[in-house]
1. Output ³J(HN,Hα) for region 194-203: one whole-Hz value per residue in order, computed from phi by the Karplus curve 6.51 cos²θ - 1.76 cosθ + 1.60 with θ = phi - 60°, and x for Gly and Pro.
2. Got the relative contact order for the chain handy, in percent, Cα pairs under 8 Å and 6 or more residues apart?
3. Which far-off residues, 5 or more places away or on another chain, put their amide H under 5 Å from the one on V76, with H placed in the peptide plane?
4. Considering only protein heavy atoms, with the full assembly of protein chains and a 1.4 angstrom probe, order V19, V34 by accessible area, largest first.
5. Only helical DSSP H runs with n ≥ 4 go in: add -39500 (n - 2.57) per run for the chain, normalise by residue count and round the 222 nm mean residue ellipticity to 500 deg cm²/dmol.
6. When ligands, DNA and RNA are left out and all protein chains stay put, how many square angstrom of accessible area per residue does the chain have with a 1.4 Å probe?
7. Quick one: plug the Kirkwood hydrodynamic radius of region 152-217 (C-alpha pairs) into Stokes-Einstein at 37 °C, 0.692 mPa s, and report D in µm²/s.
8. Applying 1/(1 + (r/R0)^6) with R0 = 30 Å to the Cβ-Cβ distance of Q427 and R117, what FRET efficiency is obtained, to the nearest 0.05?
Amino acid sequence: MAAIDAPERVYWRQDAPPVAPFPRLSGELQCDVVIIGGGIMGLSCALALREQGVDVVVLEASEPGAGASGRNGGLVVPSLPRLGPADARRLLGPDYGTRLVSLVADSAQQVFASIARHGLRCNAVQRGWLNPAHAAQLVPGMQRRAEDWARAGSRARWLSRDETVGRIGSSHFHGALFDPSGGHLNPLAYTRELARVAAALGARIHSHSPVIGISGAAGHWRATTGNGTVGARVLLQCTNAMRLKKALAPDVDHSFVALRVYEFATAPLSQAQLKTLLPGDEALSDSRNNLFACCRTIDHRLVTGAMAAVTHLGAEHRLRQALGKRLQRIFPQLGCVSFDFAWRGSAALTPDFLPRLMRVAEGWYAPIGCNGRGIALSTALGRRLADYLSGGSATNLPIPIEAAQPIALHGLARYLPQMLLPLGMWQDRQRK
């Protein structure tokens, strides 16, 4: 069997449209904005820039969607992890906090609106997102958060235990935040389709063109690959959770922790199982520290995932067993669970679970830290960055432009999510 990180292990490749044959960069180009990274953030920004007539070049080290954008669980979630609107305002201040909350609340709707407007072929299903409470003692706090999001303009509302059980098909939960604007899709297909539409609008996209160096200064940046260079007024580094072989900006790389997440797709479910298990076809992610998330696929599988405390020495085998048992506990109607696909992706975590927009130097920016909300937040933030890069005011951005703030003892800190996972799982079990 191929290694867990091999592209062919990713389930989403089964029904994604073929990747466009974008050429390698060769020679020297000039443009207004050069974007490093052909994931959702970079391509969403490139597409929006072309809609505004800005000349843009995208440099992708492999192929669009080959990184974290095409390897996640496919959930489109209009929320922040662990944080509510009040938390965002407290951490960012009333102005930026309010703008970020507004952006997040509308982020899933932006994804599905873009899919409809451009005819993106990605098996998109907008039937809502469920955030259920796995313990009764969590219900009051989650109810308040749902009310806070609703006051902030979100479509979120609270569901009773009975309605939650009916929507999920499991008696395991005690109520849920429900946002009808959320949903799920094939993330690899979505990323490839963003690339197709951006290129059709005039974005120059170059695959297999890893950037090995950046030189220049404000207004005159040069991104160099093995076979060419791109000169640009502005450079946008959209590498996010992917660690580069050669760090372009070490402080950026050290300002977040890359969380490795394993994803699994089951064998197809029976028609009887489909009638009771997420019968409305919503996306689901619950309240655990060791998050339980899942969605159904176009060919009637369940995609789910988890972290591993140890990411080698048989981690895949152990997770297959653990996730199979977890699915059986939550959905007894599944019986014996088998997985046909397993792969691994990454998410960029920041210390406060908020995204960052870092200024490496004048005219060189790096947005990072979607904290597991990459599809919706990357889409919405990419478009907002395009407004700024095409001449908009920084005061309209949902997050401040700041210098990178490296995490102290990053070499150790990057292992903390795995090290703390057993404690988080213990806390999950203690909650009733």
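1. Using θ = phi - 60°, the values come out as 4, 5, 4, 5, 4, 5, 5, 7, x, 5 Hz.
2. Values: 987 pairs, mean separation 110.7, N = 432.
Relative contact order, the chain: 26 percent.
3. G183, H184, L185
4. Working: V19 45, V34 0 Å².
Accessible-area ranking of V19, V34, largest first: V19, V34.
5. Details: 13 runs with 140 residues, N = 432.
So the helix-based figure for the chain works out to -9500 deg cm²/dmol.
6. Values: 17200 Å² over 432 residues.
Ligands and nucleic acids excluded, the figure is 40 Å² per residue.
7. Working: Rh = 16.6 Å.
My calculation gives 198 µm²/s for D.
8. Working: r = 43 Å, r/R0 = 1.43.
Computed FRET efficiency for Q427 and R117: 0.10.
The values are calculated or read from the model by the stated rules, or taken from the named source; none is laboratory data. Worth saying up front: this structure is predicted, and the values here are computed from it rather than measured. Counting neighbours? That spans all protein chains shown, and the Cβs are built from the backbone with ideal geometry, glycine included. Accessible surface is based on the protein model in full, side chains and every heavy atom, while ligands, DNA and RNA are left aside. Shrake-Rupley method; radii C 1.70, N 1.55, O 1.52, S 1.80 Å.
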